[in-house]
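The values are calculated or read from the model by the stated rules, or taken from the named source; none is laboratory data. All values derive from a computational prediction rather than experimental measurement. Only protein heavy atoms, including side chains, enter the accessible area calculation; ligands, DNA and RNA are left aside. Shrake-Rupley method; radii C 1.70, N 1.55, O 1.52, S 1.80 Å.
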Amino acid sequence: MHKITLIPGDGIGPEVTNATVRVIEASGIKVQWESFLIGAAAIAEYGDPLPQALIESVKNNQIALKGPVGTPIGGGFASVNVGLRKKLDLYANLRPVKNLPSIKTRFDNVDLVIVRENTEDLYSGLEHEVVPGVVESLKIITEKASHRIARFAYEYARKNGRKRVTAIHKANIMKLSDGLFLKCVRDIAKDYPEIESDDKIVDNACMQLVIHPEKYDVLLLENLYGDIVSDLGAGLVGGLGVVPGANIGEEVAIFEAVHGSAPDIAGKNVANPTALLQTAILMLKYINETEAAERISKAINNVLLEGKVRTPDLGGTSNTTEFTYAIIEKLG
Ligand code: NAI
């Protein structure tokens, strides 16, 4: 029996997490879910958008499945997504980018993994106005965080039979900050002689990625480049609606899809749960439930390939419940 913290979130979050939980349970895996409110709903209930009980649950269970949560724009509470990453020191963002056989895109054979540093860089939030009309934003790169994320990328490559790690940077211009990042990656690479290592300047990497994405394997990036390139990666295989993601720390991991809470379609039972299902597959592999993960993956692909049951975002007319049942039926 696995014990997993469940954070349904808001908007379409509860709809896609409900679908995902049903599919996981139909695969025969036994899970005890500990479910928590987050964001605006948690403020209404506990007066805190990120309740301490939720943090404790993730720390105890070491694993969580999370739906999207809306962040108020311009005021209100700070992003609970960023808050969770900070409180739990989820320093690595992992995004596998792989073609789904059932979703036609411009490219075939894309199978790359993006590893993004999650804690520093221009995301440090250190900005100030020097004089009116002049602002300064600080890019923080440390040896500690760069070594740690490089170690994560190479360990991931080793454990998952990946052949190459490509560090992406702009060390030709940011000689000190990106230079330090690149040096740290090279330090760590020495411990993994069986894995090929190379590096590319970020602008060139973007150009190459949209021409020959199949040539890439593991990409290792600082926070901001990682943010941008990971959405580029999602676009290569069908967009944010189909790619999984995870935020991983030394002790705990939170698995969450990349898309947001989609308030425009919330509550209408039309959201596509594919991205969270792909995320659940990643989570099941992480907890060594590989066989079930592969069965779920096949079931999703079969339903999408048949094309009879698809949600509106993929050109279909079925709703979330019908799509979920179609997958469960394929699981047998
Ligand atoms: P969004 O991803 O929620 O929506 C963008 C568009 O994609 C919308 O038209 C939406 O209907 C569609 N869409 C997204 N997921 C879908 C799905 N599973 N099935 C079908 N259609 C889908 O991005 P947006 O509108 O920028 O953000 C909405 C809210 O979500 C904001 O409050 C934002 O802060 C939050 N957000 C939360 C994230 C998280 O919890 N990790 C990540 C990104 C945004």
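Results, tabulated for the structure shown:
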{"item": "With every protein chain in place, segment 235-284: carbon and sulfur % of accessible area (1.4 Å)", "result": "56 percent"}
{"item": "C-alpha center-to-center spacing [segment 30-84, segment 261-332] in angstrom", "result": "24 Å"}
{"item": "Computed over the chain, the ratio Rg/Rh where both radii use C-alpha atoms and Rh is Kirkwood", "result": "0.97"}
{"item": "Solvent-accessible heavy-atom area per residue, rounded to whole Å², over segment 1-121 at 1.4 Å", "result": "43 Å²"}
{"item": "Surface share of carbon and sulfur [accessible, 1.4 angstrom probe, percent] for segment 65-146", "result": "55 percent"}
{"item": "Relative contact order, percent, the chain [alpha-carbon distance under 8 Å, six or more residues apart]", "result": "23 percent"}
{"item": "Of the DSSP H helices in the chain, those whose Cα atoms cover at least 15 Å axially and whose Kyte score averages 0.0 or more", "result": "13-26, 177-189, 223-236, 274-286, 320-331"}
{"item": "Relative contact order [Cα under 8 Å, 6+ residues apart], segment 50-131, whole percent", "result": "24 percent"}
{"item": "Value of Rg/Rh across segment 1-139 [Cα atoms, Kirkwood radius]", "result": "1.04"}
{"item": "Rg(Cα) / (2.2 N^0.38 Å) computed for segment 1-52, rounded to two decimals", "result": "1.26"}
{"item": "Average Cα contact separation per residue, segment 191-276, under 8 Å, 6 or more apart, as relative contact order %", "result": "20 percent"}
{"item": "Accessible area (Å², per residue) of segment 153-303, counting only protein heavy atoms and a probe of 1.4 Å", "result": "42 Å²"}
{"item": "Base-10 log of normalised Debye intensity for segment 209-332 (one unit scatterer per alpha-carbon) at q = 0.23 Å⁻¹", "result": "-1.44"}
{"item": "Across Lys3/Lys59; Lys30/Lys66; Lys86/Lys285; Lys30/Lys59, pairs whose alpha-carbon gap is larger than 23 Å", "result": "Lys86/Lys285"}
{"item": "222 nm mean residue ellipticity, helices alone, for the chain (DSSP H n ≥ 4; -39,500 (n - 2.57); rounded to 500)", "result": "-12500 deg cm²/dmol"}
